[in-house]
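Each remark here refers to the structure printed beneath this line.
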Amino acid sequence: MSFIKVCPLDEIPADGAIAARLDDDTPIAVVRSGDGVYALDDLCSHAEVALTEGEVYDGTIECWLHGSCFDLRTGKPTNPPATRPVATYRVKVEDGDVYVSPAPAD
């Protein structure tokens, strides 16, 4: 499985997110929550606005527009109005850098 470097770990705020792009220009949110680092599509499946502009808490990221929350591990919505999940991506951290697999996780 291949991974691409997307950012240094210290660029991601604690319990926060930054926007990044995969090689094919897919926008992703790279998120820190507790000790975990996650990557998921940066577009809400309900309103197609950037999730990176929302809040990160309790293992979720909240869309700022209508309040849909998505589980950082699975991409599944945890409350309405979103009903469709967002894609998630495998992440690894090595030597202070964050790497993301360009293929969505199953």
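The values are calculated or read from the model by the stated rules, or taken from the named source; none is laboratory data. A quick note: this is a predicted structure, and the numbers were derived from the prediction, not measured. For neighbour counting, all protein chains shown are included, and Cβ atoms are generated from backbone atoms with ideal geometry for every residue, glycine included.
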Among (1) touching a residue at least 40 places away in the same chain (Cβ under 8 Å); (2) of a type in the set (D, E, K, R); (3) surrounded by fewer than 16 Cβ atoms within 10 Å (Cβ to Cβ), which single condition is residue 11 missing? (1)
Can you tell me which residue is nearest to residue 87 (Cα to Cα) among those in region 1-39 that are among the hydroxyl-bearing types (Ser, Thr, Tyr) and part of a loop (DSSP other than H, G, I, E, B)? 26
Residue 18: closer than 19 Å to residue 93 by Cβ and surrounded by fewer than 19 Cβ atoms within 10 Å (Cβ to Cβ), yes or no? yes
Would you check if there is a residue in region 44-53 being at pLDDT below 95 and either more than 13 Å from the chain's Cα centre (by Cα) or among the aliphatic types (A, V, I, L, M) (or both)? yes
